[in-house]
1. Where does the charge balance sit around S56 when Lys and Arg score +1, Asp and Glu -1, over other residues with C-beta under 13 Å from its C-beta?
2. Relative to the longest principal axis of the C-alpha atoms of the chain, give the angle of the C-alpha long axis of helix 48-57, reported between 0 and 90° and rounded to the nearest 10°.
3. Once you've got the GNM for the chain with C-alpha springs shorter than 10 Å, pick whichever of P104, P49, P16 has the biggest mean-square fluctuation.
4. Only one of the values [x] 32, 14, 13; [y] 60, 33, 11; [z] 27, 16, 11 was calculated from this structure for semi-axes √(5λ) of the Cα gyration tensor in Å; name its label.
5. Under a Cβ-Cβ cut-off of 10 Å, what is the net charge of the residues other than H20 that fall near it, where Lys and Arg count +1 and Asp and Glu count -1?
6. Of all DSSP beta bridges located in the chain, what percent are antiparallel, nearest 5?
7. For segment 67-124, give the percent of accessible area contributed by carbon and sulfur heavy atoms, probe 1.4 Å, rounded to a whole number.
8. Springs between alpha-carbon pairs under 10 angstrom, Gaussian network model over the chain: which of H58, H105, H20 fluctuates most?
Amino acid sequence: LLGVGQRTVAHARGCPVVVHEHHALEPVGIQKDGAGGDLTGLRVWEAAPMLIQYLSDHATDLVEGRSVLDVGAGTGAVGLAAAALGAEAVVLSEADSPASATTPHGWQTRSTLAMLADNIQLNG
């Protein structure tokens, strides 16, 4: 049973890849040059399920027993799928940006890395 805001992005070897997508009100700490205000790591991009399917279809050649680096991991969906597909090691890389995001307790300021850590824990 999925919690509020959680969704299954794809299945990797029969295992659901579940993430918590956050609805963001606004980035926090935007500077005059535009730095510090990035919300892209809070949602699953449309290509992620297709990339997960491709990795699943070619897991033997691309993933199994290999090290995987997911640059700009966002919610972590693709990297979490790589782990489920038998990657020996997975590194999820993401910029840390604070944002006002929905949580079960209302709007809270959270960092993208804290939300990524939540998704890692959600998938065991």
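1. Taking every Cβ under 13 Å from that of S56, the sum is -2.
2. Long axis of 48-57 versus the principal axis of the chain: about 10 degrees.
3. P104
4. Label [z] holds the value from this structure.
5. -1
6. Around 75 percent antiparallel, to the nearest 5.
7. Within segment 67-124, the accessible surface is 54 percent carbon and sulfur.
8. H105
The values are calculated or read from the model by the stated rules, or taken from the named source; none is laboratory data. Only a predicted model underlies this, so the values are computations on that prediction, with no experimental measurement involved. Backbone-built Cβ (ideal geometry, glycine too); neighbour counts: all protein chains shown. These accessible areas exclude ligands, DNA and RNA; they are computed on the full protein's heavy atoms, side chains included. Shrake-Rupley method; radii C 1.70, N 1.55, O 1.52, S 1.80 Å.
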